[in-house]
Each structure stands twice: as C-alpha cells, then as structure tokens.
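Below is one structure, written out as structure tokens, with a few remarks after it.
The values are calculated or read from the model by the stated rules, or taken from the named source; none is laboratory data. Fair warning: this is a prediction, and the values are worked out from it, not measured in the lab. Here the Cβ positions follow ideal geometry from the backbone for every residue, glycine too, while neighbour counts run over all protein chains shown. All accessible areas refer to the heavy atoms of the entire protein, side chains included, with ligands and DNA or RNA removed. Shrake-Rupley method; radii C 1.70, N 1.55, O 1.52, S 1.80 Å.
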Amino acid sequence: MTEIPENVHLALTGRITFEQNISVAQGAQVIAMVQAPAGLLGAIPGPEPPGLRPELPLRMEESVRELPPPDESARQPLLESPRQALDASGAKTKPEKIAALAAYLTLVEGHETFRHQDLRRLFERAREGIPTHFSREFDKAVRAGWIHEGTTKGAYYLSDALRNLLEDGFAGHRGKQTRTSSASTTSARGNARRKPRAIPVPDDFAETDHIPMSIDGLVPYQQVRLKRDRLLWAIKLAKELGVPALKTADVTWLTDKLGDAIISRDITAHFKGLHRDGLANRSLIDNAMRITEKGEEYLSSL
C-alpha cells in the first residue's frame with residue numbers, strides 16, 4: 001500500500017513566483033482553483049480593495065470656510081472716530097455734541113462711565129472746539145435726560161434713550177428737548193425745571209401725618225448731591241414710614257414734599273443706575289421700587 005506524503009512541494013512561475021511546501025489538502029485546493037472555469041473565479045471571496053476616502057467631510061469643511069466668523073460683525077465698531085460720531089448724529093448745539101461724543105465713548109469704545117476730561121479729549125480728537133463754558137453746556141445735556149450721574153463722584157453714563165443715537169441721529173430727540181425747554185421757560189421764578197403738577201396723596205401715605213426731612217444715620221435729603229441718590233433716599237424714607245416699596249407717582253409726590261421733586265420722566269433712568277449697581281430692585285407684582293441691603297449701606301456711606 002502506497003503511503004500518502006504529509007506535505008507536497010508547490011512551485012508557481014509567471015508574473016508571480018511562489019515556491020513552498022504545503023499540506024496535501026492545501027495542494028488539492030490550489031489545483032481545484034487552477035482547473036476551475038474562469039467564470040467561477042470571480043465568485044471566490046478575496047480581500048476587498050481599499051476604498052476611497054469619503055467626500056462628505058471635505059464638503060463640510062468647504063461649507064464651513066464659506067461662513068463668516070461668528071463674532072466678526074459684532075466686533076466691528078459702529079464708527080471709527082469721534083468726528084464720524086458727530087457727523088452721524090447730526091449734532092448741532094454744544095449739548096448735542098457732548099451727548100454724541102458720550103454715545104461714542106459708550107457704544108464704540110465700550111466705556112460704561114465717563115468724565116468731563118474724557119469728553120474734552122474727544123473734542124480734540126474730532127478737531128472740534130471745546131465749549132468755552134463746558135460745565136454749563138454739559139449740565140444742559142444732563143437736564144435734557146441724555147446723560148445721567150453715576151455712583152462715583154464726577155462719573156456719568158449715557159441714557160438708554162440715546163442707545164441708537166449714532167444710527168438714528170438727533171431727529172427724534174431734538175423735539176422732546178425743545179418742548180421741555182419751552183415749558184421750563186414759562187415756569188414760575190424762571191426755574192430750569194418745571195415743577196410737577198399737584199398729585200393726590202398716594203393711598204400708602206393717606207394716614208401719614210408728617211414727612212420727616214432726615215433719617216437717623218443718614219445725611220439730610222437736601223444735602224444729597226446726585227438725583228439718583230435722592231431717589232434711593234426717598235425709597236429708604238418710605239420704608240422707614242412703613243411703605244416697603246414706592247411706585248413712580250409715589251416717588252414724585254414724596255420727593256416734592258421733601259423740597260426737590262424728581263419728575264416721573266427722570267425716575268426710570270435714575271432707577272436703572274441704582275438697579276445696575278445692586279442698590280435697588282423692583283417688585284414683580286406691582287413694579288414698585290425697593291431698596292436693597294447694599295443700597296442702605298451705600299446711603300450710610302454718603
């Protein structure tokens with residue numbers, strides 16, 4: 001009986017040369033592949049050729065490059081110089097020019113507050129003559145409601161009413177100033193501000209027999225310099241009298257009794273300054289103004 005060898009020698013020649021000892025079973029598989037019809041060879045599984053890289057990431061990358069940077073437009077200033085701010089606002093009078101440069105400091109250069117010398121510097125940069133009576137013209141801008149006094153002495157901030165000044169100009173503000181000025185000139189004794197009309201006693205003060213002019217531990221109302229601080233003082237007085245929060249009409253009535261009324265059109269702007277510094281807040285129920293602990297500490301420091 002012939003003994004079957006365990007291994008056979010396989011040698012292939014041609015474009016590819018292969019020579020190796022393999023098992024009898026492997027040799028039988030090779031012979032079957034060689035002798036198989038050509039049509040069957042395509043069905044024999046083999047390694048798949050490496051595929052091409054998908055094009056989707058490339059398209060996504062190209063689409064991202066076409067988009068503008070997200071913050072590019074927000075970082076670009078509205079205007080490039082104080083001269084352009086004066087021209088864009090259409091400012092004609094000296095108080096208007098002061099307000100326009102204050103808007104440039106706030107909206108373009110990003111200053112939250114500013115001082116007189118900051119605005120003087122901008123007049124020089126704009127090649128604009130500095131007003132001879134600068135403080136007097138500045139006070140006119142304050143009285144017009146365009147600029148408000150800040151917490152720190154000598155610091156001021158721009159009114160919210162002028163947030164669009166550099167885009168819309170003074171057209172919508174000039175008429176308001178004119179009406180206010182006309183009313184002021186006809187007021188009694190030539191006062192710069194028109195006194196508020198007589199209003200009825202608020203319900204919260206109907207049982208109040210006397211309005212004190214001072215509060216223990218605080219400077220008297222008439223010695224408080226800033227209007228917004230006087231608003232805070234009045235809110236504190238109301239709390240002392242058992243009224244925890246003041247409405248706008250109540251503020252006007254109470255401050256009038258204290259000798260220097262804060263008219264309603266100025267109250268919102270002054271309150272925003274107090275609220276921004278954490279000195280006062282509003283009730284969610286009736287929108288009345290309340291003093292905070294920080295506000296009471298601030299009054300004590302005056």
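Rounded to the nearest whole Hz, the Karplus-based 3J(HN,Hα) values (6.51 cos²θ - 1.76 cosθ + 1.60, θ = phi - 60°) of the range 250-266 follow the sequence 5, 4, 4, 5, 5, 5, 5, 5, 7, x, 8, 6, 9, 6, 4, 5, 9, with x at glycine and proline. Ranked by the mean number of other Cβ atoms within 10 Å per residue, highest first, peptides 106-112, 212-218 order as 106-112, 212-218.
The GluC sites (Glu not before Pro) of the range 193-302 meeting both criteria, a DSSP state outside H, G, I, E and B (loop) and at most 14 other C-beta atoms within 10 angstrom of the site's C-beta, are 207. Each part reduced to its alpha carbon centroid, the range 209-223 and the range 270-302 end up 18 Å apart. Counting only protein heavy atoms and using a 1.4 Å probe, the accessible area of residue 148 comes to about 10 Å².
Any of 97/294; 153/236; 94/257; 153/294 with alpha carbons more than 27 Å apart? Name them for me.
97/294; 94/257
The order of the peptides 117-125, 25-33, 158-166 by mean Cβ neighbours within 10 Å, most packed first, is 158-166, 117-125, 25-33. When the Cα positions of 285, 270, 298 are compared along the charge dipole of the range 254-302, 285 comes out farthest toward the positive end, with charges on each C-beta of Lys, Arg, Asp and Glu.
Between the beta carbons of residue 111 and residue 293, assuming R0 = 25 Å, the FRET efficiency works out to 0.30 to the nearest 0.05.
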